[in-house]
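One structure is given below, encoded as structure tokens.
The values are calculated or read from the model by the stated rules, or taken from the named source; none is laboratory data. These numbers come from a predicted model, not from an experiment. Don't worry about glycine lacking a Cβ; one is built from the backbone with ideal geometry, like all the others, and counts go over all protein chains shown.
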Amino acid sequence: MRKDVAFGQYYPVDSFVHRTDPRTKLLFLIAYIVALFCCKTGWGMALCALGLLTVILLAKLPLKLVVRSVRGVVFLLVFTGILNLFFYRGEGEALISWKFIHIYKEGIFYTIYLMSRLFLLVMSSAVLTLTTTPIALTDGLESLLTPLKYIRFPVHELALIMSIALRFIPTLMDETERIINAQKARGADFESGNVFKRIKAIIPILIPLLISAFRRAEELGDAMDARCYSGSSIRTKYKKLRFTYRDVCAFFFMAILMTGVFLFNSYGAALSALCVQGWNALLGLFGAV
Amino acid sequence: MDIIAKNITHTYNEGSPFSSAALKGVDLTIREGEFFGIIGHTGSGKSTFVQHLNALIRVYTAEKKYNPKKDKNTEKPVLQIGEFDLTDKKCDFNALRAKVGMVFQYPEYQLFAETVFEDVVFGLRNFAKEKPTKEAEEAAVQQAIEIVGLDYADVKDKSPFDLSGGQKRRVAIAGVIVTHPEILVLDEPAAGLDPIGKREIMELLHKLHRDWCRTIIVVSHDMDEISENCSRVAVFSEGKVFKCCTPQELFRHSEELEALGLDIPLTAKVQRALAERGVEIETDFTRDDFIAKVSALFRKKTDKGDDGSCGKM
Amino acid sequence: MDMQETESVAVRFENVKFKYDQNSRYALNNVSFSVKEGEFVALIGHNGSGKSTTARLINGLLEATSGKITVFGKDVSDKKNLFEVRKSAGIVFQNPDNQMVSSIVEDDVAFGPENIGVPREEIGERIEWALSVVGMTAYRNSSPARLSGGQKQRIAIAGVLAIKPKILILDESTAMLDPKGRKEIMDVVLRLNKEEKMTVIMITHFMEEALLADRTVVLNRGKIVLEGEPQDIFKNSELLETYNLSLPGIGYICKQLQKNGMAIRDCLYPEELAEEIASLLQEES
């Protein structure tokens with residue numbers, strides 16, 4: 001019996017974001033990443049974080065799940081952050097100097113900046129894969145890449161290969177599990193021993209799996225032939241992605257977000273100054289009272 | 001080795017949005033020496049259950065401690081096979097697997113070695129505490145290959161992939177029984193074979209039951225196979241044992257099985273159609289017994305017919 | 001052979017020989033038969049008798065070594081006809097997992113029509129129709145991975161139907177299914193044959209399924225050895241045994257009862273046998 005494992009990360013709930021066209025989501029992600037990298041102020045970064053939070057809430061995703069997606073790359077992120085922190089050369093006096101390590105005030109700011117940028121980047125990509133099935137992503141990619149057909153790039157073939165691969169992942173996963181179980185039942189041990197022993201232990205899984213994959217490929221080829229597949233130009237396409245009001249909303253949302261980021265880039269410093277002034281004024285007021 | 005199972009539960013992907021309860025408290029006892037059948041349709045939990053017998057799926061108490069407070073709606077599970085307590089983390093699962101052989105559906109798809117000999121000897125080498133001598137290995141493999149009905153000298157050096165479908169399946173079975181398991185579990189051993197192949201596999205199982213393994217457990221969809229071969233049968237439905245009795249008892253109430261969406265043997269179909277026509281036949285639902293009983297009725301009638309002139313008819 | 005006849009014959013084999021490679025024996029050896037339009041023919045034979053080869057020859061997945069195969073009068077060996085032949089004769093294979101291209105049911109059913117260039121709007125209609133014929137409309141947006149074997153195989157049939165073939169070939173399509181799944185498939189196939197007048201060629205080793213056909217062809221070692229109505233074929237139990245085929249269960253019981261002296265007619269169905277036994281036992285002596 002198959003265990004009904006969902007591969008990839010797709011989180012199956014019905015939401016505004018889930019129903020949005022995959023092309024919109026792909027473009028949205030690209031725009032979002034651009035915004036992240038263009039962003040030069042803390043205000044802008046906060047706005048980006050707020051934007052992502054809104055999308056996550058709209059998508060009805062548990063926040064925990066999105067944060068968990070960072071787990072895989074957390075070491076890389078922290079490592080990059082530490083390097084930056086230690087080697088960023090700021091102006092003026094270093095806060096801490098020890099051998100070759102100098103930590104500057106700007107360094108700390110810059111590191112916080114970089115880290116939040118990378119975290120938001122990873123999380124936003126996770127939101128895409130959590131809300132979009134792999135097959136919808138493939139459709140979206142195929143549609144977005146269509147213009148490349150004119151330079152003879154095999155867009156359709158690529159999309160078909162991807163879709164078949166996606167289709168067979170669960171089947172082959174099941175098969176792998178069945179073979180592993182069958183060999184375990186014959187006393188195979190995959191967990192102990194040195195590297196060589198372990199590699200050798202994989203052979204009884206790998207060979208039956210390969211043979212089965214080839215057999216499946218051959219049968220699939222026959223089945224595709226029998227269903228008149230020839231990859232010829234008369235081929236039509238049933239699935240057409242359609243933009244809806246959701247996509248219009250998404251574009252507006254993105255436009256506001258980007259405008260916000262750029263406005264903060266230009267006027268962020270002024271805004272900060274204004275805040276400081278306001279704060280001081282407030283303190284002054286209290287002092288007077 | 002007896003198998004005693006109580007309160008076995010299992011949930012796939014626990015805690016994820018895809019979680020599904022496959023077993024919801026299975027109680028089942030299988031005695032040593034039985035030719036036991038397990039039926040139920042896809043998703044009834046029968047495959048999940050038999051994988052427990054081989055510790056391919058562990059009883060949850062073997063993974064984390066049983067907590068009577070937390071698991072208050074489930075009783076503590078019991079899974080005892082001979083001297084092995086499968087609910088105990090310290091159970092020697094490898095030794096258990098040598099004693100409980102498991103033949104999966106389409107076992108020929110697990111063949112991998114270059115020669116039939118190498119494939120069959122795989123399990124033997126894995127389970128051996130110390131490396132067996134070459135002579136001992138050869139003797140054991142030869143015995144296993146011969147009991148499944150193949151010619152040792154002819155096939156031992158052949159590639160298993162050059163054999164016919166039926167032969168491949170026999171080699172795969174030999175690869176499981178080579179360690180002399182006391183209990184042999186087979187999941188749909190006759191699936192995909194033609195009628196003659198099916199018959200041969202069932203004959204092989206009886207031979208194994210007689211000379212090789214004490215207990216045989218067969219998971220099957222084919223009710224004729226069950227009624228012809230099994231001494232007792234358990235019906236799985238929705239993660240539980242719906243009924244456990246002799247085939248005779250089971251098929252006497254065939255409407256229950258049909259309510260579960262399961263098939264019934266041909267003999268039961270005829271028996272029921274006969275009952276509707278006022279002819280009651282008491283049979284154990286094997287073909288031979290059915291034929292004997294009908295013939296006996298017929299003889300009784302013709303005998304009566306012969307001396308009917310002086311009888312009350 | 002006049003035009004009239006050519007049109008009503010769906011498939012014709014004339015002295016067809018085939019071998020997989022130069023040195024092997026003939027998988028099909030001088031096979032001639034024809035299938036009329038709207039007919040339901042069962043092809044039986046033990047493993048290696050050449051029955052699957054026959055299926056693959058019909059729509060040009062394999063090419064005959066010699067002899068002639070026509071589908072609605074079109075020569076299959078002519079490459080120009082191949083596309084037309086495949087459009088009119090669809091095959092459903094044994095393993096439902098190995099004939100689906102997409103992870104969504106409707107996309108998979110759409111694959112065939114897309115390949116033959118059916119306009120988009122019409123593909124939608126065809127999917128609707130094909131799924132309703134196999135009774136899977138509710139699963140249009142499901143993933144095949146979550147379906148039972150019988151359901152998957154019904155989707156595979158829908159995928160073939162969406163091309164609107166005139167002939168449906170089932171190459172042991174029920175072999176990997178449980179009894180429930182087998183029944184589902186047989187119900188669909190019978191409905192297609194009776195209601196949609198589709199020509200059906202069914203390759204199977206379940207004798208009970210072959211019983212439902214209009215005509216049964218028995219293959220043994222690449223040759224046709226028996227041909228006729230299933231009721232007649234299965235009465236010939238000794239002959240069947242020599243071809244490594246067994247009687248359907250009821251036929252066996254019936255034969256044994258006859259041997260024990262009971263004067264009952266040959267039966268192949270449980271009800272029929274019960275009727276025979278009951279009337280014999282209850283007849284006034």
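Filtering the stretch B:32-64 to residues that are at pLDDT 90 or above, under 21 Å from B:F251 (Cβ atoms) and either within 11 Å of chain A (Cβ to nearest Cβ) or outside any strand (DSSP E or B) (or both) leaves B:E34, B:K46.
Of the residues A:F86, A:F75, which single one is assigned to a helix (DSSP H, G or I), at pLDDT 85 or above and over 30 Å from A:S15 (Cα atoms)? Spell out how you get there, then give the answer.
On the way: A:F86 fails: at pLDDT 85 or above.
Step by step, each of A:F86, A:F75 is checked, and only A:F75 is assigned to a helix (DSSP H, G or I), at pLDDT 85 or above and over 30 Å from A:S15 (Cα atoms).
Filtering C:D108, C:D178 for residues that are over 30 Å from B:D194 (Cα atoms) and not aromatic (F, W, Y) leaves a single hit, C:D108.
Mind telling me which of the residues B:F242, B:F236 ends up being buried (at least 22 other Cβ atoms within 10 Å of the Cβ), more than 10 Å from chain C (Cβ to nearest Cβ) and within 20 Å of the chain's Cα centre (by Cα)?
On the way: B:F242 fails: buried (at least 22 other Cβ atoms within 10 Å of the Cβ).
Answer to the selection: B:F236.
Among the residues of the stretch B:176-200, just one is more than 13 Å from every other protein chain (Cβ to nearest Cβ) and crowded, with 20+ Cβ neighbours inside 10 Å, namely B:P189. Quick one: would you say B:D303 is within 13 Å of chain C (Cβ to nearest Cβ) and either not in a loop (DSSP other than H, G, I, E, B) or not aromatic (F, W, Y) (or both)? When the stated conditions are applied, B:D303 passes them. Tallying residues that are more than 9 Å from every other protein chain (Cβ to nearest Cβ) and at pLDDT below 90 within the stretch B:112-127 yields 0. Counting only helices (runs of 4 or more DSSP H) that fall entirely inside the stretch B:110-198 and contain at least 3 residues that are in contact with a Phe, Trp or Tyr (Cβ under 7 Å, 6 or more places away or on another chain), the qualifying elements are B:134-147. Taken over the stretch B:85-109, residues that are closer than 11 Å to A:A185 by Cα and not in a helix (DSSP H, G or I) amount to 5.
Among the residues of the stretch C:113-138, those that are away from chain A (no Cβ under 11 Å), farther than 17 Å from A:A226 by Cβ and buried (at least 21 other Cβ atoms within 10 Å of the Cβ) comprise C:L131, C:V134, C:M136.
Looking only at residues in the stretch A:212-258 that are aromatic (F, W, Y) and at the interface with chain C (Cβ under 7 Å from one of its Cβ atoms), which one is farthest from C:E114 (Cα to Cα)? Step through it out loud before you land on a result.
Our first condition is that a residue be aromatic (F, W, Y); within the stretch A:212-258, this holds for A:214, A:229, A:238, A:243, A:245, A:251-253.
Still in the running and at the interface with chain C (Cβ under 7 Å from one of its Cβ atoms): A:229, A:238.
Numbers: A:Y229: 9, A:Y238: 7 Å.
So the residue we want is A:Y229.
Filtering the stretch C:85-112 to residues that are closer than 19 Å to C:G150 by Cβ, assigned to a strand (DSSP E or B) and more than 7 Å from chain A (Cβ to nearest Cβ) leaves only C:V92. If only residues of the stretch B:125-172 that are under 30 Å from A:F214 (Cβ atoms) and among the small types (G, A, S) are counted, the one that is farthest from the chain's Cα centre (by Cα) is B:S159. Can you tell me how many residues in the stretch B:98-111 are at the interface with chain A (Cβ under 10 Å from one of its Cβ atoms), surrounded by fewer than 24 Cβ atoms within 10 Å (Cβ to Cβ) and farther than 16 Å from B:R170 by Cβ? The total comes to 1.
The residues of the stretch C:243-279 that are within 9 Å of chain B (Cβ to nearest Cβ), closer than 20 Å to B:R299 by Cβ and surrounded by 19 or more Cβ atoms within 10 Å (Cβ to Cβ), listed by number, are C:I253, C:L257, C:M262, C:L273, C:A274, C:I277.
Scanning the stretch B:163-199 for residues that are touching a Pro at 6+ places or on another chain (Cβ under 9 Å) and touching a residue at least 40 places away in the same chain (Cβ under 8 Å) yields B:K168, B:R169, B:V171, B:A172, B:I173, B:G175, B:V176, B:L186, B:D187, B:P189.
Name the one entry in B:F236, B:F242 that is over 25 Å from B:R214 (Cα atoms), assigned to a strand (DSSP E or B) and at pLDDT 90 or above. Walk me through how you get there before you give the answer.
Working: B:F236 fails: over 25 Å from B:R214 (Cα atoms).
On inspection, the qualifying residue turns out to be B:F242.
Criterion first (on the phi < 0 side of the Ramachandran plot, surrounded by 16 or more Cβ atoms within 10 Å (Cβ to Cβ), facing another protein chain (nearest Cβ under 10 Å) and at pLDDT below 85) does A:T133 satisfy it? Yes, satisfied. Flag set for A:E142, criterion: away from chain B (no Cβ under 14 Å) and either crowded, with 19+ Cβ neighbours inside 10 Å or outside any helix (DSSP H, G or I) (or both).
In the stretch A:218-241, the condition of being under 32 Å from the mean Cα position of the chain (by Cα), within 25 Å of B:V176 (Cβ to Cβ) and aliphatic (A, V, I, L, M) is met by no residue. For the stretch B:267-286, taking the residues that are under 27 Å from B:L28 (Cβ atoms) and over 20 Å from the mean Cα position of the chain (by Cα), the one that is surrounded by the most Cβ atoms within 10 Å (Cβ to Cβ) is identified as B:T267.
Can you spot a residue in the stretch C:94-106 that is within 30 Å of C:L211 (Cα to Cα), in contact (Cβ under 8 Å) with a residue 40 or more places away in the chain, surrounded by fewer than 22 Cβ atoms within 10 Å (Cβ to Cβ) and hydrophobic (A, V, I, L, M, F, W, C)? For the stretch C:94-106, residues within 30 Å of C:L211 (Cα to Cα), in contact (Cβ under 8 Å) with a residue 40 or more places away in the chain, surrounded by fewer than 22 Cβ atoms within 10 Å (Cβ to Cβ) and hydrophobic (A, V, I, L, M, F, W, C): absent.
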